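All of the numbers you see were taken from the coordinates with simple rules; none came from a lab. Note that the structure is a prediction, hence the values are computed from the model and not measured. No Cβ is skipped: glycine too gets one built from the backbone with ideal geometry, and neighbour counts run over all protein chains shown.
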Amino acid sequence: MTDFTPLVSVCIANYNGMDVIDDCLRSVLDQKGHISVEILVHDDASNDGSAAYIRDHYPYIKLITSESNVGFCIANNRMATAASGQYLLLLNNDAALFLDALQTLLAEASRLGKPAILTLPQFDATSGTLVDRGCLLDPFFNPVPNLNAECQDVAMVIGACLWAPKTLWDELDGFPPWFVSMAEDMYLCCRARLAGYRVYVLRSSGYRHRQGKSFGGNRSIDGQLRTTYRRRSLSERNKTYVMVLMSPSLQFAIILPVHLALIGLEGLTITLLKLNSKVWVEIYYPVFKGIWGERRKLVEARREIQKTRKINLKDWLKVFVKFPRKIQMLVRYGIPVIK
């Protein structure tokens, strides 16, 4: 194959994705616009044969295999390091791009003329309904889906489809490996906004996503929200880490104590209602254990991140909503089923 310098590096983290990987890869290979693209897949010690399948059926793809399961953060960091493109597009293995996605992203990146994190509207792969146009955040750093086409500057974009110039990724040091998985997209987007970069959703094109397919949970089935212990544990812990690291001083001083009190109350309440100590032990206790156990790392990382801050508090808070997301979800779905 002739050597070439790609403009875009599409990075796909794969774990046991045999039933979805073809749809994902074909959506990249069939893109309009004759854009020079390289595809990287990091296989995270799959046991379903998907790594061998990719190697046999897509020999031109740059496949990185891991001997152990290292999680979403390290997988994407490895691919970003190996990527040659000017732009990175992180794409879930359970997501598929619309045919004009790369063309649309590239045109907008060129129009902006400065580094920014971009995404496309997300649609449910089964129903075709709009899931979000990026996300806002509630006071406690819970993502709130943005459905307003007029609202393009958002708090974060989902890592299932995240576009960034490679130079910006390198400047922000990519995903924190100690997060393992979950909220790494929130971390990166919040860090970019603190440093004065836009986090921005396009109005056109989009991608289809089998929500929760790659990590379990995060979706309503028969009117009830379902999740997993591991997903919920990492999500609660890592969202708290982002709050600690990214919140400007005034927000930090007010919100963190309230958040920790409420998360403790929430954990105890759900534990008692379900009569299941596993809820506290595996989901909520690790939040407090993580904050205390990683306190030196968090203090040092916060100090370094806050040094890069170029946004004032008023503009930082523009992408936050006032009403807590969890209350809204509780009213709508009740207490989630945890498997």
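Simple rule: put +1 on each Lys or Arg Cβ and -1 on each Asp or Glu Cβ in region 8-209, find the dipole, and look at 14, 139, 201; the Cα lying farthest toward the positive end is 201. Using the Cβ-Cβ distance between residue 99 and residue 224 with R0 = 41 Å, the FRET efficiency computed as 1/(1 + (r/R0)^6) comes to roughly 0.75. Stretching the chain fully between residue 178 and residue 311 yields a gain of 45.3 nm (0.36 nm per residue, less the alpha carbon separation).
Quote the charge dipole size of region 219-338 about the Cα centre in Debye, to the nearest 20; the model charges only the Cβ of Lys and Arg (+1) and of Asp and Glu (-1). Could the numbers behind the result be given before it?
Details: 24 positive and 8 negative charges, 65 e Å.
Charge dipole, region 219-338, about its Cα centre: 320 debye, nearest 20.
Counting Lys and Arg as +1 and Asp and Glu as -1 over every other residue whose Cβ lies under 15 Å from the Cβ of residue 156, the net charge comes to +2.
Got a sec? How would 255, 338, 158, 117 order by Cβ neighbour count within 10 Å, fewest to most?
On the way: 255 16, 338 20, 158 23, 117 26.
In order of increasing Cβ crowding within 10 Å: 255, 338, 158, 117.
If the chain linking residue 332 and residue 62 were pulled fully straight, counting 0.36 nm for each residue of separation and taking away their Cα-Cα distance, it would gain 92.9 nm.
For a quick protection proxy, order the peptides 75-83, 329-337 by their average other-Cβ count within 10 Å, most packed first. Write out the running numbers ahead of the final one.
Working: 75-83: 20.7, 329-337: 13.1.
Packing order, densest peptide first, comes out as 75-83, 329-337.
Applying a threshold of 31 Å to the alpha-carbon distances of 289/326; 62/326; 314/339; 297/318; 32/62; 289/339 flags 62/326; 314/339 as lying beyond it.
Rounded, prolate or oblate: which one fits region 8-209, using the alpha carbon gyration tensor with axes a ≥ b ≥ c (rounded when a/c is under 1.5, else prolate when a/b beats b/c, else oblate)?
On the way: a/c = 1.45, a/b = 1.31, b/c = 1.11.
Rounded.
Once the Cβ-Cβ distance of residue 148 and residue 23 is raised to the sixth power relative to R0 = 25 Å, the FRET efficiency obtained is 0.30.
Beta-bridge orientation, the chain: approximately 40 percent antiparallel, per DSSP, counting only bridges with both partners inside.
Can you give the FRET efficiency to the nearest 0.05 for residue 47 and residue 274, using r as the Cβ-Cβ distance and R₀ = 35 Å? Mind showing how you got there, number by number?
Working: r = 31 Å, r/R0 = 0.88.
E(calc), rounded to 0.05, equals 0.70.
Placing a pseudo-label 7 Å from each Cα along the Cα-to-Cβ vector at residue 295 and residue 255 gives an inter-label distance of 2.2 nm.
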